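The values are calculated or read from the model by the stated rules, or taken from the named source; none is laboratory data. Quick caveat: nothing in here was measured; it's all calculated off a predicted structure. All Cβ positions, glycine included, derive from the backbone under ideal geometry; neighbour counts span all protein chains shown. Surface accessibility is based on the protein's heavy atoms, side chains included, excluding ligands, DNA and RNA. Shrake-Rupley method; radii C 1.70, N 1.55, O 1.52, S 1.80 Å.
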Amino acid sequence: MVICVCNNINENSIRREVKAGCHSFFELQQRIPIADKCVECIYYARKIITEETYQIENSQISHSEQPSLI
């Protein structure tokens, strides 16, 4: 789904940046040209950053809770 119509930034692009270490909307703007024109996409971009960060954190917790095979 396209999030930033002005710059044709889609949801997957934002998720990819979060997986690469982007943790805030400010950081996202430093990496890709989002919300530099009409700013209508800010809410959805922030929501995606939050969702993806949550998924990453839960994934790391799940992996650390697995029993050791030693």
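If you scan segment 36-70, which residues turn out to be at pLDDT below 95 and in contact with a helix residue (DSSP H, G or I) (Cβ under 8 Å, 6 or more places away or on another chain)?
Answer for segment 36-70, where residues must be at pLDDT below 95 and in contact with a helix residue (DSSP H, G or I) (Cβ under 8 Å, 6 or more places away or on another chain): 36, 56.
Which pairs have Cβ atoms under 8 Å, sit 6 or more apart or on different chains, and link a residue in segment 1-24 that is in contact (Cβ under 8 Å) with a residue 12 or more places away in the chain to one that is among the basic types (Lys, Arg)?
Note: pairs meeting the criteria are 6/37; 7/37; 17/31; 22/31.
Looking at segment 16-30 only, could you name the residues that are open to solvent by 50 Å² or more (accessible area, probe 1.4 Å) and within 8 Å of the chain's Cα centre (by Cα)?
16, 19, 23, listed by residue number.
Being of a type outside the set (Gly, Ala, Ser) and assigned to a helix (DSSP H, G or I) is the filter here, so list the residues in segment 12-27 that pass it.
12, 14, 15, 16, 17, 18, 19, 25, 26, 27
Among the residues of segment 28-39, which ones are in a loop (DSSP other than H, G, I, E, B) and under 15 Å from residue 10 (Cβ atoms)?
Across segment 28-39, the qualifying residues are 32, 33, 34, 35.
Just to be sure, is residue 49 surrounded by fewer than 19 Cβ atoms within 10 Å (Cβ to Cβ), part of a helix (DSSP H, G or I), out of contact with any strand residue (DSSP E or B) (no Cβ under 9 Å at 6 or more places or on another chain) and not basic (Lys, Arg)?
Here the answer is no, as residue 49 does not meet what is asked.
Name the pairs: first residue in segment 37-58 and of a type in the set (Asp, Glu), second residue assigned to a helix (DSSP H, G or I), Cβ to Cβ under 6 Å, at least 6 apart or on different chains?
Pairs that qualify, where the first residue is of a type in the set (Asp, Glu) and the partner is assigned to a helix (DSSP H, G or I), are 52/15; 52/18.
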